[in-house]
1. Among the candidates Leu193, Leu151, Leu139, Leu157, which residue alone is at pLDDT 95 or above, at negative phi and in contact with a His (Cβ under 7 Å, 6 or more places away or on another chain)?
2. Among (1) of a type outside the set (S, T, N, Q); (2) surrounded by 14 or more Cβ atoms within 10 Å (Cβ to Cβ); (3) out of contact with any strand residue (DSSP E or B) (no Cβ under 9 Å at 6 or more places or on another chain), which single condition is Lys169 missing?
3. Could you say whether any residue in segment 203-218 is assigned to a helix (DSSP H, G or I), within 19 Å of Glu90 (Cβ to Cβ) and touching a Leu at 6+ places or on another chain (Cβ under 8 Å)?
4. Is it the case, given these coordinates, that Arg33 is within 21 Å of Pro3 (Cα to Cα), crowded, with 21+ Cβ neighbours inside 10 Å and among the charged types (D, E, K, R)?
5. What residue, of Ile118, Ile134, is touching a residue at least 12 places away in the same chain (Cβ under 8 Å), assigned by TED's automatic domain parsing to the domain that holds Arg240 and within 19 Å of Arg86 (Cα to Cα)?
6. Test Ile185 against the stated conditions and say whether it is farther than 18 Å from Ala121 by Cβ, in contact with a Ser or Thr (Cβ under 7 Å, 6 or more places away or on another chain) and either of a type outside the set (Phe, Trp, Tyr) or surrounded by fewer than 21 Cβ atoms within 10 Å (Cβ to Cβ) (or both).
7. Is it true that Leu76 is assigned by TED's automatic domain parsing to the domain that holds Arg263 and either in contact with a strand residue (DSSP E or B) (Cβ under 7 Å, 6 or more places away or on another chain) or of a type in the set (Lys, Arg) (or both)?
Amino acid sequence: MKPFDLINQVKSELPKSEAEQLLMAILGEERYRLYFNPLPVSESIAQKFFSLVTKRKKGEPIQYLINSANFLDFDLYVDERVLIPRPETEELTMKTIAKLGAPELIIDLGTGSGAIAITLAREFPAVKIIATDISAAALVVAKINIKRYNLEDRITLVHTEFFNFSNPKSLAGRIDCIISNPPYIDRMLIPSLAATVKDYEPTESLDGGKDGFEIIRKIINDGLEFLKPGGLLALEIDPRQKDLILNLTPTVNLETDFAGNIRFAFIQNNQPAR
């Protein structure tokens, strides 16, 4: 059986592009190889393909099925241990890059797959990045991606919650930027999320507690002391949290995403050097 025969068999069940992605991942081939100079596939390959099609029909994200997600101009390994990177997080990262000069030390809080940390390390060749996550399992995924891009010498992974470093005083006033796409969904709203999200992506990467603002509040309250004078705190937020964040820190700079929703909060440390 030829690869395109498999794709044709499921054309009424999946979009053609998704069927192609699944088969490309199984075969390790480029798309054109599915149609030009195709090699016959074995029965075991066919069964694996149909198994993935069934999982996709049930709602499992295709990124988990093919263990790959795109972020800006590069690909990441992803699985159920990490949140699938979103376009809004791409925007957060690019907006942050535009606001930074030549940073020396950055904290990526809740790194997940390592998408933000890897982007910043590739953009700023001299920067050192501390990438943290409360999930040890997520850090395993981040390590895979950091190694893929040969950034082990500049990105340090730390298993911790918030700023609970082994020696936090050593970092006080030294950080150029703290960036985070934290969990920011109201806990009560999680059951109403799309099944592809609530049933497959890690809940701890979504659950922002009561009003979805608990973790953001903690980051803002505790994070500024780590920033250099003029240092930047960059956050992705829920548009519904506008008033919450303005009440907490009136000097925040709120910016919209491509859809016109308030999605990003930038807070500069205006405190003088100690």
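1. So the residue among Leu193, Leu151, Leu139, Leu157 that is at pLDDT 95 or above, at negative phi and in contact with a His (Cβ under 7 Å, 6 or more places away or on another chain) is Leu139.
2. (2)
3. Within segment 203-218, one or more residues are assigned to a helix (DSSP H, G or I), within 19 Å of Glu90 (Cβ to Cβ) and touching a Leu at 6+ places or on another chain (Cβ under 8 Å).
4. For Arg33, the condition - within 21 Å of Pro3 (Cα to Cα), crowded, with 21+ Cβ neighbours inside 10 Å and among the charged types (D, E, K, R) - is not met.
5. Every option except Ile118 fails the conditions.
6. For Ile185, the condition - farther than 18 Å from Ala121 by Cβ, in contact with a Ser or Thr (Cβ under 7 Å, 6 or more places away or on another chain) and either of a type outside the set (Phe, Trp, Tyr) or surrounded by fewer than 21 Cβ atoms within 10 Å (Cβ to Cβ) (or both) - is not met.
7. Considered against the rule, which asks whether it is assigned by TED's automatic domain parsing to the domain that holds Arg263 and either in contact with a strand residue (DSSP E or B) (Cβ under 7 Å, 6 or more places away or on another chain) or of a type in the set (Lys, Arg) (or both), Leu76 comes out as no.
Table: residues versus (1) in contact (Cβ under 8 Å) with a residue 24 or more places away in the chain; (2) within 19 Å of the chain's Cα centre (by Cα); (3) under 23 Å from Thr132 (Cβ atoms).
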| residue | (1), (2), (3) |
| --- | --- |
| Leu171 | yes, no, yes |
| Ile175 | yes, no, yes |
| Lys198 | no, yes, no |
| Ile216 | yes, yes, yes |
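The values are calculated or read from the model by the stated rules, or taken from the named source; none is laboratory data. Everything numeric in this text was worked out from a predicted model, so none of it was measured. Ideal geometry is used to build each Cβ from the backbone, glycine not excepted, and the neighbour counts take in all protein chains shown.
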